[in-house]
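Okay, structure first, notes after.
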Amino acid sequence: MTKPPLTLYLAAPRGFCAGVDRAIKIVEMAIQKWGAPVYVRHEIVHNKFVVDALRDQGAVFVEELDDCPDDRPVIFSAHGVPKAVPAAAAKREMIYVDATCPLVSKVHIEAQRHADNGLQMIMIGHEGHPETIGTMGQLPEGEVLLVETVADVATVQVRDPARLAFVTQTTLSVDDTAGIVAALQARFPAIIGPHKEDICYATTNRQEAVKAMAPKCDAMLVVGAPNSSNSRRLVEVGARAGCTYSQLVQRAADIDWRALDGIGSMGITAGASAPEVLINEVIDAFRDRYDVTVEMVETAKEDVEFKVPRVLREPA
């Protein structure tokens, strides 16, 4: 039987970013250095496939530091943690390694600097997301106020409108955030923003690639996890950029083939914590059903690399 033709557009950049790459490497190197088990507070990155693979190597994933024994190393996830967490680990004299993405750490430093200058912080982010919890936890309670939408900006109660600064979660929609920033600046003209956009290069690049790809596609799939903020934003960006069928899948098994019946072009991208092996699995699933022609839609090249902490580079 002849397979129907399909043009498969592949976004570039897609998948792993430097912060995710570094976080995974930190867990693997910790297991090599100290042996199993090594404890990890929260999912190291938001991807079940990655977490399961590290669990197989000897990582034990826990929700809180209280779930870890004193005598085994613990790693903090790429999303960052409140200041109280490393302080508690140090008090217990635990070996701990912080896998917080350096671009998230930059936001933490920024927030602290503004607080030292007597400014109250507003954070643009998603309530309950580990990165938001980690950033807000850098300062005492009440010093960081969270806004998620333009509507929130209208109701947020600040201490002094003349002494404010804002930071953002690194994995937000660039376009949505621009609207919230504009609303903040309109209501609080004296508010101080970051010197350079807090939304990280990888989030921005993946969204730009989707914007370029979406108008060409009858449908688009984002390979990523449901709890991955940057993956979910890619789905939204694709739909807004003209691809009405824009869906998130964790694996090829999640593809709804009936919904794709009759398509002639397909876009594929992946969130920053999705490994290339899962993207290839999805492409292979399309090759099984279609006569596929792959076309790359490249909008940027990435060569960023982050060093792992010194403790892992030193001999045991």
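So which residues in region 33-53 are part of a helix (DSSP H, G or I) and within 19 Å of Met94 (Cβ to Cβ)?
The answer is Lys33, Trp34.
Can you name every residue in region 228-246 that is touching a Leu at 6+ places or on another chain (Cβ under 9 Å) and in a loop (DSSP other than H, G, I, E, B)?
Hit for region 228-246 is Ser228, nothing else.
Could you say which residue among Met296, Met220, Met213 is closer than 30 Å to Ala23 by Cα and surrounded by fewer than 17 Cβ atoms within 10 Å (Cβ to Cβ)?
Numbers: Met220 fails: surrounded by fewer than 17 Cβ atoms within 10 Å (Cβ to Cβ); Met213 fails: surrounded by fewer than 17 Cβ atoms within 10 Å (Cβ to Cβ).
It is Met296.
So which residues in region 147-161 are surrounded by fewer than 19 Cβ atoms within 10 Å (Cβ to Cβ), touching a residue at least 24 places away in the same chain (Cβ under 8 Å) and of a type outside the set (D, E, K, R), if there are any at all?
Thr149, Val150, Ala154, Val156, Val158, Pro161
For Thr100, which of the numbered conditions (1) part of a helix (DSSP H, G or I); (2) surrounded by 17 or more Cβ atoms within 10 Å (Cβ to Cβ) fails to hold?
Against the list (1) part of a helix (DSSP H, G or I); (2) surrounded by 17 or more Cβ atoms within 10 Å (Cβ to Cβ), Thr100 comes up short only on (1).
Testing Arg251 on (1) surrounded by 19 or more Cβ atoms within 10 Å (Cβ to Cβ); (2) in contact with an Asp or Glu (Cβ under 7 Å, 6 or more places away or on another chain), one condition comes back false. Which one is that?
(1)
Name the single residue, out of those in region 112-122 being among the hydrophobic types (A, V, I, L, M, F, W, C) and surrounded by fewer than 22 Cβ atoms within 10 Å (Cβ to Cβ), that is farthest from the chain's Cα centre (by Cα). If you could, list the steps in order and put the result at the bottom.
At the first step, the residues of region 112-122 found to be among the hydrophobic types (A, V, I, L, M, F, W, C) are 115, 119, 121-122.
This time we only want the ones that are surrounded by fewer than 22 Cβ atoms within 10 Å (Cβ to Cβ), so: 115, 119.
Details: Ala115: 25, Leu119: 27 Å.
Top of the filtered list is Leu119.
Somewhere in region 25-48, is a residue surrounded by fewer than 22 Cβ atoms within 10 Å (Cβ to Cβ), within 30 Å of Arg289 (Cβ to Cβ), within 19 Å of the chain's Cα centre (by Cα) and outside the structural domain of Gly262 (by TED's automatic domain parsing)?
So far as region 25-48 goes, yes, one or more of its residues are surrounded by fewer than 22 Cβ atoms within 10 Å (Cβ to Cβ), within 30 Å of Arg289 (Cβ to Cβ), within 19 Å of the chain's Cα centre (by Cα) and outside the structural domain of Gly262 (by TED's automatic domain parsing).
Any chance you could count how many residues in region 291-312 are more than 14 Å from Ala99 (Cβ to Cβ) and either part of a strand (DSSP E or B) or of a type outside the set (A, V, I, L, M) (or both)? Steps first, answer last, please.
At the first step, the residues of region 291-312 found to be more than 14 Å from Ala99 (Cβ to Cβ) are 291-305.
If we keep only those that are either part of a strand (DSSP E or B) or of a type outside the set (A, V, I, L, M) (or both) too, we end up with 291-299, 301-303, 305.
Summing the residues that are more than 14 Å from Ala99 (Cβ to Cβ) and either part of a strand (DSSP E or B) or of a type outside the set (A, V, I, L, M) (or both) in region 291-312 gives 13.
Please verify whether Ser265 is over 24 Å from Ser173 (Cα atoms), among the hydroxyl-bearing types (Ser, Thr, Tyr) and in contact with a strand residue (DSSP E or B) (Cβ under 9 Å, 6 or more places away or on another chain), treating the condition exactly as stated.
For Ser265, the condition - over 24 Å from Ser173 (Cα atoms), among the hydroxyl-bearing types (Ser, Thr, Tyr) and in contact with a strand residue (DSSP E or B) (Cβ under 9 Å, 6 or more places away or on another chain) - is met.
Could you please let me know if Arg187 is over 26 Å from Ala300 (Cα atoms) and either assigned by TED's automatic domain parsing to the domain that holds Thr132 or free of Cβ contacts under 8 Å to residues at least 40 places away in the same chain (or both)?
On the way: over 26 Å from Ala300 (Cα atoms): yes; either assigned by TED's automatic domain parsing to the domain that holds Thr132 or free of Cβ contacts under 8 Å to residues at least 40 places away in the same chain (or both): yes.
Judged against the criteria, Arg187 is a match.
The values are calculated or read from the model by the stated rules, or taken from the named source; none is laboratory data. All of these numbers come straight from a predicted model, not from anything done at the bench. Here the Cβ is made from the backbone with ideal geometry for all residues, glycine too, and neighbour counts use every protein chain on show.
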